1. By count of other Cβ within 10 Å, fewest leading, how are 85, 43, 189 ordered?
2. Could you tell me the ratio Rg/Rh of segment 79-219? Both radii from Cα atoms, Rh via Kirkwood.
3. Inverting the mean 1/r over all pairs of different Cα atoms, compute the Kirkwood radius of segment 61-162 and quote it in Å.
4. With the Cα gyration tensor of segment 262-323 in hand, convert its eigenvalues to equivalent ellipsoid semi-axes via √(5λ) and list them largest first in whole Å.
5. Report the Cα centroid-to-centroid distance between segment 238-305 and segment 122-161 in angstrom, as an integer.
6. Rounded, prolate or oblate: pick one for segment 1-100, where a ≥ b ≥ c are the square roots of the eigenvalues of its C-alpha gyration tensor, a/c under 1.5 means rounded, and failing that, prolate if a/b is larger than b/c, else oblate.
7. Among 184, 125, rank each residue by its count of other Cβ atoms within 10 Å, from fewest to most, as a rough exposure measure.
8. Take each uninterrupted DSSP H stretch in the chain, measure its Cα extent along the helix axis, and return the ones at 24 Å or beyond whose mean Kyte-Doolittle hydropathy is at least -1.0.
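Readers should treat all values here as calculations from the given coordinates under stated rules, not as data from a laboratory. Please read these numbers as outputs of a predicted model, since none were measured by experiment. For neighbour counting, all protein chains shown are included, and Cβ atoms are generated from backbone atoms with ideal geometry for every residue, glycine included.
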Amino acid sequence: MYESIVIGAGQAGLSAAYHLQRRGVDFIVLDANPGPGGAWQNRWDSLTLGAAHHIHPLPDFPLAEQDSTRPASAVVAEYYGEYERRFQLPVRHGISVERVTHEDGVFTVHAGGEEFTSATLINATGTWTNPFWPSYPGQFDGPQVHTNGFRSVEQFAGQRVLVVGAGASATQFIVALRAAGVDTLWSTRNAPDWREVPSGTEWGQEVERQVNERTRAGLPPKSVVGTTGLLLTPAMRAGIASGALVSRGAIARLESDAVVFTDGSREHIDAILWATGFRHAHRHLRPLKLHTPAGGILVGDDGVSALELPGMFFVGYGASASTLGATRAGRKAAAAAAKFLAAVPA
């Protein structure tokens, strides 16, 4: 029996593992991916380090200067892999967790035909494996790809593509597809929420406050863009000026080879790219019955402790979904787990 089990070896999970190790906690990390890199290893090659969101370094291991033209998936996989080796973290890759149960103060993790037990559990499963596919009237018969199935613009060569979603990934896809000569249409449920690029630290603190407000109330976290809006970078301004980043509005229905918008207009399309975001991958935690009627999980003021189940901690959830937040949350969760273990009678 371990003192702690970490589920997930992305930014949040590795940060938690590092701090657990420093505190002398006996633990293991279980990760479904075949190798290091977390969800990053599944990103498309055209998402280069220069185009990706900022990657915050892991604890005590600065990320060296990298070629900004290299795929972010390769850079991060190498970085995470070296981190695991350098600190000799007990990570087991290629083992998928099916469910977690809790009885008499013991967590039992059922994974890959094995059972692992522990006194505390740190969940760091993120969202990548739980894409959100919205439903609309009608049926489209052409190819449909979600963000986590996008590999390159060549998937859509010579096609007219409907890109659905109001987040940063949707706008980035449109810019990349248009640059490759692919014709695109953009659909959003509501008007895009364009905002000026912020300066200073106050903006980030306000975003974190808003996210924490929801999680403490047991509400599911909003999407990133639901809190930050779409930032008006030079590339986005150029896209708006060209007409590429002008939304046609919401979808009324789909047809076998077309989309009908709520304004009544109908457009022929060959493919759909659903950039409609993700939900937190918590299916394996359902036996614990932690979700509120609203669909969220009650988390304490520290941002990591599950209020309904002592010894359970969440990282990469809510405000800690960013790489910077994930690193901080890993430290907090490890400290909270160590404190919990110290209070448990021998």
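1. Details: 85 11, 43 22, 189 14.
Least to most surrounded, the residues fall as 85, 189, 43.
2. Numbers: Rg = 21.2 Å, Rh = 20.2 Å.
Checking Rg against Rh, the ratio lands at 1.05.
3. For segment 61-162, inverting the mean 1/r across all distinct Cα pairs yields 18.5 Å.
4. Details: eigenvalues 258, 37, 27 Å².
Taking √(5λ) for each Cα gyration eigenvalue gives 36, 14, 12 Å.
5. Going from one Cα centre to the other spans 10 Å.
6. Because a/c hits 1.5 or more and a/b fails to exceed b/c, segment 1-100 counts as oblate.
7. Working: 184 21, 125 27.
The most exposed by this proxy come first: 184, 125.
8. Numbers: long enough: 323-343 (30 Å, 0.45).
Helices passing the filter in the chain: 323-343.
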